[in-house]
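Participant: Got a structure here, written out as structure tokens. Questions coming.
Taken together, the values in this text are just the output of simple stated rules run on the coordinates, not laboratory data. Values in this document were obtained by computation on a predicted structure and should not be read as measured data. Positions of Cβ are generated from backbone atoms using ideal geometry, with glycine treated the same way; all protein chains shown enter the neighbour counts.
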Amino acid sequence: MADLGTATRALPLAGFHGGSSTVRLEAAPPAERISLRVRAEDVAALSGALGVDLPVKPKTSASANGRTALWLGPDEWLMIDESGTGIGNGLMQAAQNSGALHSAADVSHRNTAILVSGTGADKAINAGCPQDLSLKEFPVGACSRTIFGKVEIVLLRTAEDAFRVEVWRSFSDYAFGLLSEGARDAAVGK
Amino acid sequence: MLLIHCPYCEEDRSELEFRWAGEAHIARPENIAAITDEEFAEYFFLRNNEKGLTYERWRHIHGCGRFFNAARDTVSDRFLMTYKAGLPKQPIPTAEETAAIAEEKTVETWEATEGDAR
């Protein structure tokens, strides 16, 4: 009767898989995330402390050392750290070490992510998202908070045919379901 | 799909990402404790609800999250312009500029090009 008292944390989408002939859907591994608010004059200090230059241009992201900073608003970023094996508090600690005025909230467990890849990935997401996902308007590295069906998501293009969909964990079941529908439609309309 | 220009994202986005947030350019009285009930009601409850050109606050809630101001025609539902919050009331584009905007944004619908209403 060993280890009965040891709880293991399950991802909200653990075991989910889906897609179609042109789209692959999978749950992203656990990652550390913070929601970061910084005034313009303190952006440089936070960039230095986090090791990533916080992007200041709308709809852009920056990556370094497994960390990605996504521009959400003029003073708002989502930081994702995929370098660790578990979820620690490295991002919170790094932000604190900056010594500059900021607001950081650990949202590692609030969000989960779905990786959408394949030639029909953009079509699958467009099943519920009104944004123009052509490479011209939404190039690799572009990111945006937007709407997907009934839920809010943060969308990041990681490659020409791959996206990361960040979604609140309680909405993840819905998001995955709608993506599955979109994936099926993308394969039909090919 | 109605597109709204967000002055912070510097891009046209779907109306689905936005929320209406009431009339714009309503200044809070500086001496709010001293004003009469009628003056407070005027400031707090009463809105012009104009037909035609109105100045409104909108929020890009499912985008950058920012509030901004927009000049909108409530009859045609056309956005004449949007500008950042905190700026004074902006002059409306002239008729030629508005026509140019309309020209640029006209979408060819099936009804206009193929249907009986042509």
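Participant: Among the residues of the stretch A:132-166, write down those that are among the hydroxyl-bearing types (Ser, Thr, Tyr) and in contact with a Pro (Cβ under 9 Å, 6 or more places away or on another chain).
Facilitator: Across the stretch A:132-166, the qualifying residues are A:144, A:146.
Participant: Let me ask you something else. Condition (residue is of a type in the set (S, T, N, Q) and touching a residue at least 40 places away in the same chain (Cβ under 8 Å)) applied to the stretch A:35-46: is it met by at least one residue? Write out each step before concluding.
Facilitator: So in the stretch A:35-46, the residues of a type in the set (S, T, N, Q) come out as A:35.
From the residues that got through so far, the ones that are touching a residue at least 40 places away in the same chain (Cβ under 8 Å) too are A:35.
Yes.
Participant: With respect to residue A:131, is the statement that it is over 27 Å from residue B:15 (Cα atoms) and without any contact (Cβ under 8 Å) to a residue 40 or more places away in the chain true?
Facilitator: So residue A:131 does not fit the description; no.
Participant: List pairs: first in the stretch B:16-43 and within 30 Å of residue A:130 (Cβ to Cβ) and away from chain A (no Cβ under 14 Å), second hydroxyl-bearing (Ser, Thr, Tyr) and surrounded by 11 or more Cβ atoms within 10 Å (Cβ to Cβ), Cβ under 6 Å, 6+ apart or cross-chain?
Facilitator: Close Cβ pairs satisfying both conditions: B:24/B:55; B:25/B:55.
Participant: Another question, then. Could you count how many residues in the stretch A:40-60 are away from every other protein chain (no Cβ under 14 Å) and outside any helix (DSSP H, G or I)?
Facilitator: 4
Participant: Wholly within the stretch A:74-190, which strands (runs of 3 or more DSSP E) include no fewer than the required count, namely at least 1 residues that are within 14 Å of chain B (Cβ to nearest Cβ)? Even if it seems obvious, please write down each step before you answer.
Facilitator: Working: elements: A:76-81, A:102-106, A:111-117, A:143-148, A:151-159, A:162-168.
The qualifying strands (runs of 3 or more DSSP E) are A:76-81, A:102-106, A:143-148, A:151-159, A:162-168.
Participant: Counting only residues that are charged (D, E, K, R) and closer than 20 Å to residue A:71 by Cβ, which one in the stretch A:123-171 is surrounded by the fewest Cβ atoms within 10 Å (Cβ to Cβ)?
Facilitator: A:136
Residues checked against (1) touching a His at 6+ places or on another chain (Cβ under 9 Å); (2) of a type outside the set (Val, Ile, Thr); (3) under 18 Å from residue A:98 (Cα atoms):
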{"residue": "A:5", "(1), (2), (3)": "no, yes, no"}
{"residue": "A:19", "(1), (2), (3)": "no, yes, no"}
{"residue": "A:33", "(1), (2), (3)": "yes, yes, yes"}
{"residue": "A:44", "(1), (2), (3)": "no, yes, yes"}
{"residue": "A:51", "(1), (2), (3)": "no, yes, yes"}
{"residue": "A:54", "(1), (2), (3)": "no, yes, yes"}
{"residue": "A:62", "(1), (2), (3)": "no, yes, no"}
{"residue": "A:75", "(1), (2), (3)": "no, yes, yes"}
{"residue": "A:83", "(1), (2), (3)": "no, yes, no"}
